[in-house]
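Novice: Following this message is one structure expressed as structure tokens.
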Amino acid sequence: MAPAATSQVLLSPAELSFLHSSLLLQPPVRPDGRAPNQFRPLVAETDILPGANGSARICFPDGTEAIVGIKAEVEKSQWRANLSEDGAHLGTGGGDVEMEEDGGKPQEEASSHGNGEMSWIELSIEIPGFRDDDPLPIFLAAMLSEGLLAGEELKDRLWINRRFHWKLYIDILLLSPPLSYPLPLLSLTTHLALLSSRIPKLKSEQDEDPLFDDDWEASLYLYPKLPTGKRIDRPPITLLVMAVGSNIIFDPSKEELAVAEAVLAVSVRESQRRENDTSGRRLNLLSIRSVDSPSRLTPSGVPNTMNTATGGSAPVSSQDAVAQRESIDQKGVWNPPRGGVKRALITRIIKLVLEPNGVAQEVMDGLNGVEV
Amino acid sequence: MPREAEPSLNEREFIHQALREQTRIDGRALDAFRELRLQFGDERGVVDVRLGKTRVIARISAEVVAPYPDRKFDGIFTITTEFSPMASPAFEVGRYTSDEIILSRILEKAIRRSSAIDTESLCIIAGLKCFFIRADVHIIDHDGGLVDASCIAVMTALQHFRRPDVSVEGENVTIYSLREREPVPLSMLHHPLCITFSYYDSGEIVLVDANRLEEQTREGEVIIAMNMHGEVCQISKFGGTPVDALVLLNCTNVALKKVQTITKFIQRQLEEDMRKRDVGGLMAELSAENER
Amino acid sequence: MTDRRRINGPPSGTQTPIFASTLKQTPTVRLSPPTRTREPTELRKIFLKTGLVPSSSGSAYLELQHSSQLTSLKITCTAHGPRPLPRSAPFSPQLVLSTTVKFAPFASRVRRGYVRDSAERDLAVHLETALRGVVLGDRWPKSGCDVVVTVLEGEEDAWWGDVAGARERGEGWGLMCVLAGCITVASAAIMDAGIDCVDLITGGVAAVVEEGGGKRGEVMVLDPCPAEHRNVLAACVVGYLASRDEITEVWMKGNASAAISAEELIEKAVGAAAATKAVLEEAIKEAAFVKFPELAKSRGGLNDIDMNG
Amino acid sequence: MPLDTSTYALSLLRLDGRRWNELRRIHAQISTQAAADGSAYLEMGNTKVICTVSGPSEGRRGQGQGGEGGKARIEVEVNLAGFAGVERKKRARGDRRIAELQHTLTQAYTSTLLTHLYPHSTILITLHILSLDGSLLAATLNAATLALIDAGIPMSNYLVACTAGSTSFEESDNADPLLDLNGQEEQELPFVTVGILGDGDKVSVLVMESRVQMSRLETMLVVAVDGCKRVREILDGVVREHGRNMVEGAVG
Amino acid sequence: MASSILLPGDTIPPSALPHAKNPSKPLTLGPGLRHTPPLTITAHLAGPLHTDSKKNAIWVENNGGRYIPHPSDLIIATILSSHPESYTCSLSPYTPPTLLPHLSFESATKKTRPILLPGSLVYARIASTPSSTHLTSSSSSSSPETELECIHPSTGKADGLGPLKGGMVWDISLGFARELLKKGDGVAGIEGVKRFIGEGRGFECAVGRNGRVWVDAGSVGDTVRVGREIVEADGRRRGSEWGRGEMGFR
């Protein structure tokens, strides 16, 4: 089954049609009265678990709630062959052996840059009522990790020395059943948990066996904090955006999703800025994914002309019914959307997300306030 | 659609009524075990246990493996249980019922966690080689009392088993075949056994060794694992109707007596089997050791 | 999840080691990574044929021309349906589409198990999203259709000798090419099965790559073969409906830098998809001529369906 | 390595500074999850559990319609978060320890709840263990009781649980009982988990996993039963407080 | 009467066929036999061959396995659930349930039918089975389930059938149940049971062909005694008939 089908709402064609037409208005009228680019209010807290390196909890008013716990453990790095200059680097062709990239320039000693590996971050999602290998958790995990892993920064920070690295486990728990599509919730919770994550300060030097400072106060933020309290950079967030007609609606609720013509998940990150540069905040697009809209699975309505109760004539056969229904395009009768989105719409969505002081930035600023 | 037979109302009422009159449908006393029969295989470490109609076979095997990296000085001992569809149509291959989980957990707690086997004695070279002792429990016929019977089976089989002798010279390990050297018994620290108590009427009536029908009609069970020295190795009362704490303490006293009787019975059977094997008089000194 | 029903080979394939000293005698072993010989806007040649599996409702096979001795893409797809849903299934007013994507164990250098892993399940979700928008589901209430895609030979994430490349940045560039292929081949299979669709859907990929070998720069290429490039910076797959000019599936990831915007990347991917459509059309027409010989007579001989982008 | 109990003998304090008969801090909240029919959050020291209850409802997918014999079926799902322990550990779905825990809870509540009032339905109890520091079974039982109360499912009485241990395995005179063990103490010392129904001495759940002399058992049992009564008072307070808030909220 | 053990596939020699007293009476084949025209009769069950020259019948005795319903067999069934028209009953574990219509009790009407709770026992007769292929089946319906009845279809009398109250049920082997029922002239196989039970005790009992005996001797002790005597008699009989020894275990 489609991941969206599980969060399908049971609305009648009439309700769907009403919702659809109110969302088509300029500006759209949302069932909960929000502006199109307004997020739902949320309750958030960080550092709720003393046993984890970082943790966060976010709760939406409809009762969906997620907890993310992050644990870091020291792990021995896999052996990597040191390559000779001439590039005769055919060792065994097996996948186990990782080889140092060698661009002919001397290896930078004890620098973490570019040494981070994908496998150092493990992300798992637990959704009640779903198995680990159901499509929804897998799709969500793929989407979230795509955003997190897109940058080098996080991976590189896990590098301790040439022999050891941190392994970061991100465990995402959805405490409630997935009432609305839980992507934004999980993404924001993960964002907060990563912000609150700290790893102990390294005391040892170079390639020694790592030794850490026992003092938790001295530990360092995974996303370093400047003395001013600002962060150099922040983890990415993934937003859920939907389109109805030409209207673009952010953070849709499950009812709104049921009439969406297109649903996109967009991951963005604040691009790195220099420490003294405070003015230019720019957002970087990390990934876009289209999400299957549950609206495609909704039942279509029966127009008056086809309903004997309202003076119409019932179709003779089911083929006839389909033909009739598809030939008339009556307003107020719900028909599940077909086809896809226009390119221009996607472009507009991207623009809206990325624009300065746009929605993404607003959300990030909001999350800033949650910080400990 | 097709499903396990639930006892009829008539049966439930009759069993209850009979128990109130201190009668069990198979004519036993309330605190009596069914007839216990042990049969040893030709091979060492194979035991067929029959408790009434319930039948369990346990087999012990040993191989040499590398120890777990976090337990360098210990050998490995595992117990696996297999509910074959042979025993009851209720068992399906590859599907774990809660009965099976409980059985394997209780055996694990009663025998392995209570360190009935001295796993350190299974170590050959620290961190490199150790014995891996594996107890396979097969349920052949199911008429209640699986936990008790399986525990008896594993414990008897462990005492019956002989592992190959080894000698270590530096890094060289020689494992002697059965012909080269007489295999040695496992070093056991104690001999725990499980006794299951079934209760009715909120603990007013307590039964030992219930058969399947009694199990289906009871209000709850308490499984107590003990050794003959009066050490309790585990107690499990997973819910069920609440009973008075005193009743539970009483159960431990009854369990001790039962454990002592069964342990002695097992010892006698082992000795008898030893005598049978010892026809040629080759193992005179070993049997003396076994009497300890 | 581990596969306990079979005895599996080692998870990562092992090759006999090749030592530097022996290389001199075996000049055939490639030392340098392959390079792209096509134009940036040129697609690989596509072979597409429908109706290969007679027992299924619809089937198709897609193969990309392999470039420079490397593996190429070979995908088969069968569609079973529309067929009635099992009695236990709840009522559905629409066609219940279910997609399965599975790599054959030998499809990639690192052996795949028999149990579907998360990447394969993820691809299946993508494919389903792409197809759901095209299929006219309400014409087939209470029915289901299973689209089963088997990848016989998958695209590698990087040149196998250059393992560092795969490590560098978000793996899975190869998957994007596979997805584009899956969309096209599934579209053909659905056509073959005779399921009503609003339009023909085709998949297309575009990527921003970093060219190795001196000239460092970001280049936009269509239909990338990740092994041919030193580094892939960003890539985008679309499922594109050419006549309606709409997109049902978009999957973009990577750092779309300032020089090349995301919009541009999507645009190019759409271009690739539009070019693929010609092949799909030809394949479907060819199948139609086989089914209705009188059509073929009126049209004359068949054209070769290979195409150049 | 045996726990260093010498300090205990001198100062009569445990490693975490408690006396032998002291409970850890118990903090509980009711109705924490808006989306569930009943929910509770419980902390016993550093063991933190969230419990949600949904139901009585129709059975979940493919599992038939609720219980048999005119009674509701109780399903328990325990999810031990990967970050709960000291070391990050992802437990497989078929983990037997978790399965045993689920079985225990199912059994305990099947006989405690008045399931005959809800024929052909299912009551699903989901437990998330966020942090683990001993007394796992006791904490899950307590949290589930609170959540079931919040869900308004009738039960014959409160089921509360507590652990008790002993400082010695042997039959010696100088062993002392301990109440409410933490994770470290559980590793080293014998202990029992006791679940009591109501305020009498009726034991619903009794689980002991360590080897101990028979004579020690009685003391441990007595201490645990006493501990349960104190836990019951605390939980009772939480429920009453919540009830008061609800009434006041409704009035004001 | 019983000759050697037949195995599936064995052909019955014409000499083994019963010499009918009335030659016009056709030969009746019972369970376990199959007729291949023109004159071959082969066994498809293992067991001793039984013949009855009076009825001109021949069958293979088979003790064990699962009970397969045959029309007009008397059985003890457990009620599983109640439906608008009928009860669902179980004859043996892991077999499809059977139907017992509410109206097939003595003098039952829509208003005065016996109310039976799930788990109650009834003594009933098999009215029809879904399979009509079997040779002995006289009345077969097209209903997909086996149907039971607690009245005599022609007289409308209970004839001892109906709900069983109190007492205890014991499991016996199918062959023994058949034997008990065969010997008795009266219903419920009580005569058959009495042969195995010492005289001088009063008890009620009902034997079901599905391998169950219901006994009520008034007191718990007597019921247990009678029940155990029946079960032990079954054990002795099985021991002598099949020579079941210890299963060799090596």
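Novice: So what J values fall out for region B:212-220 if you push phi through Karplus, 6.51 cos²θ - 1.76 cosθ + 1.60 with θ = phi - 60°, rounded to Hz, Gly and Pro as x?
Specialist: 4, 5, 5, 5, 6, 9, 6, 8, x
Novice: For C:128-140, what's the mean count of beta carbons from other chains sitting within 10 Å of each residue's beta carbon? Show your work: numbers first, answer last.
Specialist: Working: counts 7, 12, 3, 1, 8, 11, 3, 2, 3, 5, 12, 7, 1.
The shielding value for this peptide is 6.
Novice: On a 0 to 90 degree scale, rounded to 10, what angle separates helix B:98-107 from the longest Cα axis of chain B?
Specialist: It is inclined by approximately 50 degrees.
Novice: Then there's this: Provide the net charge surrounding A:Ile67, with neighbours chosen by a C-beta distance below 11 Å and charges set as Lys +1, Arg +1, Asp -1, Glu -1.
Specialist: Combined, the nearby Lys, Arg, Asp and Glu give -2.
Novice: Output the antiparallel fraction of DSSP beta bridges having both residues in chain D, as a percent to the nearest 5.
Specialist: 80 percent
Novice: Here's something else I'd like to know. With just the Cα atoms defining each centre, how far is region B:1-76 from region B:162-178? Give it in Å.
Specialist: 35 Å
Novice: Let me ask something else about it. Would you compute, from DSSP H runs of 4+ residues alone, the mean residue ellipticity of chain D at 222 nm, taking -39500 (n - 2.57) per run and dividing by the full residue count, rounded to the nearest 500?
Specialist: When only DSSP H runs of four or more count, the value is -11000 deg cm²/dmol.
Novice: Rank-order B:221-229, E:43-51, A:216-224 by packing density, defined as the average count of other C-beta atoms within 10 Å over each peptide's residues, highest first.
Specialist: Output ranking for B:221-229, E:43-51, A:216-224: B:221-229, E:43-51, A:216-224.
Novice: A further question on this structure: Could you calculate the FRET efficiency of A:Gln319 with A:Asp132 from 1/(1 + (r/R0)^6), where r is the beta carbon distance between them and R0 is 41 Å, rounded to 0.05?
Specialist: 0.45
Novice: Compute the relative contact order of region D:26-251 as a whole-number percentage, counting only Cα pairs closer than 8 Å that sit 6 or more residues apart in sequence.
Specialist: 21 percent
Novice: May I ask you to list the residues of region A:281-307 whose amide nitrogen lies under 17 Å from a point 7 Å from Cα along the Cα→beta-carbon direction of C:Glu264?
Specialist: Inside the label zone: A:284-286.
Novice: Can you list which of the trypsin sites (Lys or Arg not before Pro) found in region B:122-212 are DSSP loop residues with at most 14 other C-beta atoms within 10 Å?
Specialist: Here the sparse-neighbourhood loop sites are B:Arg179, B:Arg181.
Novice: So which lysines pass the test for A:Lys351, namely a Cα distance under 19 Å, with those fewer than 8 places away in the same chain ruled out?
Specialist: Answer for A:Lys351, where 19 Å is the Cα cut-off: A:Lys342, C:Lys253, C:Lys268, listed by chain and number.
Novice: While we're looking at this one, here's another question. Determine the dipole magnitude for chain D: charges of +1 sit on the beta-carbon of Lys and Arg, -1 on that of Asp and Glu, nothing else is charged, the reference point is the Cα centre, and the result goes in debye to the nearest 20.
Specialist: Computed charge dipole of chain D: roughly 760 debye.
Novice: For region E:225-237, take each phi angle, set θ = phi - 60°, evaluate the Karplus expression 6.51 cos²θ - 1.76 cosθ + 1.60, and give the result in whole Hz per residue in order, putting x for glycine and proline.
Specialist: Coupling constants for region E:225-237: 4, 4, x, 5, 5, 5, 4, 5, 4, 4, x, 4, 5 Hz.
Novice: Note the angle between two axes, namely the Cα long axis of helix B:9-20 and the longest principal axis of the Cα atoms of chain B, as a number of degrees from 0 to 90, rounded to the nearest 10.
Specialist: Orientation of helix B:9-20: about 80 degrees from the principal axis.
Novice: Report the FRET efficiency, 1/(1 + (r/R0)^6), for E:Leu117 and B:Lys264, where r is their Cβ-Cβ distance and R0 is 60 Å, rounded to 0.05.
Specialist: Result of the calculation: an efficiency of 0.80.
Novice: Just counting partner chain Cβ atoms within 10 Å, what average do the residues of peptide B:115-126 show around their Cβ?
Specialist: On the way: counts 1, 1, 0, 0, 0, 0, 0, 0, 0, 0, 0, 0.
If you average over the peptide's residues, the count of other-chain Cβ atoms is 0.
Novice: Which of the GluC sites (Glu not before Pro) found in region D:161-252 are in a DSSP loop and have at most 16 neighbouring Cβ atoms, other than their own, within 10 Å? Mind dumping the intermediate values first?
Specialist: Numbers: sites: D:Glu170, D:Glu171, D:Glu185, D:Glu186, D:Glu188, D:Glu209, D:Glu218, D:Glu233, D:Glu241, D:Glu248; in loops: D:Glu170, D:Glu171, D:Glu209.
Answer by residue number: D:Glu170, D:Glu171.
Novice: Express as a percent, rounded to the nearest 5, the fraction of DSSP beta bridges in region B:63-205 (both residues included) that run antiparallel.
Specialist: 60 percent
Novice: Right, something else. Hand me the chymotrypsin sites (Phe, Trp or Tyr not before Pro) from region B:77-147 located in a DSSP loop with no more than 16 other Cβ atoms within 10 Å, in residue order please.
Specialist: B:Tyr96
Novice: Here is a follow-up. Obtain the nm distance between the two label points defined at E:His19 and A:Ala309 by a simple spin-label model: each point lies 7 Å from its Cα along the Cα-to-C-beta direction.
Specialist: Label-label distance for E:His19 and A:Ala309, simple model: 8.3 nm.
Novice: Quick one: net charge around D:Leu159, please, counting Lys, Arg +1 and Asp, Glu -1 for every other residue with C-beta under 11 Å from its C-beta. Please report the intermediate quantities before stating the final value.
Specialist: Working: positive: D:Lys202, D:Arg232; negative: none.
The answer is +2.
Novice: So which of B:Lys237/B:Lys257; E:Lys110/E:Lys194; B:Lys129/B:Lys258; B:Lys72/B:Lys276 end up more than 27 Å apart by C-alpha?
Specialist: Check vs 27 Å cut-off fails for E:Lys110/E:Lys194; B:Lys129/B:Lys258; B:Lys72/B:Lys276.
Novice: If you only keep lysine pairs separated by 8 or more in sequence, or across chains, how many in region D:26-251 come under 22 Å at the Cα atoms?
Specialist: Count of close lysine pairs: 4.
Novice: Also, I was wondering about something else. In what sequence do C:Glu42, B:Glu214, B:Glu169 fall when counting other Cβ within 10 Å, fewest first? Walk me through the numbers on the way to the answer.
Specialist: Details: C:Glu42 15, B:Glu214 20, B:Glu169 7.
Ordered from fewest to most neighbouring Cβ atoms within 10 Å, C:Glu42, B:Glu214, B:Glu169 come out as B:Glu169, C:Glu42, B:Glu214.
Novice: For helix D:214-251, report the angle its Cα long axis makes with the longest principal axis of the Cα atoms of chain D; keep it between 0 and 90° and round to the nearest 10°.
Specialist: That works out to roughly 40 degrees.
Novice: Please list the non-local residues whose amide H lies under 5 Å from the amide H of A:Phe212, H modeled 1.01 Å from N, same-chain partners needing a gap of 5 or more.
Specialist: Under 5 Å from the amide H of A:Phe212 lie the amide H atoms of A:Lys203, each far enough along the sequence or on another chain.
Novice: For region D:26-251, what class follows from the C-alpha gyration tensor (a ≥ b ≥ c being the square roots of its eigenvalues): rounded when a/c is under 1.5, otherwise prolate if a/b is larger than b/c, else oblate?
Specialist: prolate
Novice: May I pose another question? By DSSP, what percent of the beta bridges with both residues in region A:119-271 are antiparallel, rounded to the nearest 5?
Specialist: 75 percent
Novice: Would you work out the Kirkwood radius for chain B? I mean one over the mean of 1/r across all pairs of different Cα atoms, in Å.
Specialist: 20.4 Å
Computed from the coordinates by the stated procedures, all read-outs in this text should not be read as laboratory data. Small disclaimer: the values here were computed from a predicted structure and weren't measured. A quick note on method: Cβ atoms are made from the backbone with ideal geometry, for glycine too, and the neighbour counts reach across all protein chains shown.
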